[in-house]
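Each remark here refers to the structure printed beneath this line.
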Amino acid sequence: MSSVSSSALLVPPLNFAQVERGIYRSGFPSLRNAPFLRKLGLRSVLCLCNPVPKGKKDKSKKKDKGEKKSKKKKKKSKKKEPEVVEDTTWDNVALYSLTAKFKETFEKLEQERGQRNYYQLQRDAYQTFYSIVKQDIRDLDLQIAQMDREKEDKMDGWRKQLKAYESKVKYQENNHGNDKERAQR
């Protein structure tokens, strides 16, 4: 007899097989299959059987001795536990149906990815256009502010010149008036 403990053995579920790369099928897994499934690194498990109504026992299935009634599994490590998804519409589905459904779902996924990529490209184009327009507006605001400063500087220069001409005119009028008075005397 070997001294290998039963917890060290990796036991696959009944009728376990690979459908495609990363996709497997099997009978309903039990707790003793959990180490095997964890080792595969599965992220989710899809259950294609009729759920048993609460309060009623399913007599057609035999439970393992170590299996608990609780559906939740305790986390032993930081890895995510497989997610169980129950779907009652998949009673006794054949392999070719599952393959066809997988291909259909994969095509939908590719289509959604394509649409998402298109929308992301559109969003990037809009963001680029927005940033360019925003920068142009900033540049125009700076140019307008510069032109306003130049206009004010010119206006100040004109005001100073106007005052200088006014004072010259007053001085000339004053001199002309003084010269007129002298000439009349």
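Nothing in this text is a laboratory measurement; each read-out follows from the coordinates by a stated rule. Predicted model, so just to flag it, every value in this text is computed and none were measured. Because the Cβ atoms are built from the backbone with ideal geometry, glycine has one as well, and the counts that use them run over all protein chains shown.
Brief remarks on what is shown
- Paramagnetic label reach from residue 165 (point 7 Å along Cα→Cβ; backbone nitrogen cut-off under 16 Å): within the stretch 118-159, residues 154-159.
- Measuring r between the beta carbons of residue 158 and residue 178 and using R0 = 25 Å, the FRET efficiency lands at 0.25.
- Label-to-label distance for residue 107 and residue 24 is 2.9 nm, based on points extended 7 Å past Cα in the beta-carbon direction.
- Three-way shape label, the stretch 100-170, alpha-carbon gyration tensor, a/c 1.5: prolate
- Here residue 116 and residue 147 are evaluated by their C-beta separation; at R0 = 41 Å the FRET efficiency comes out at 0.35.
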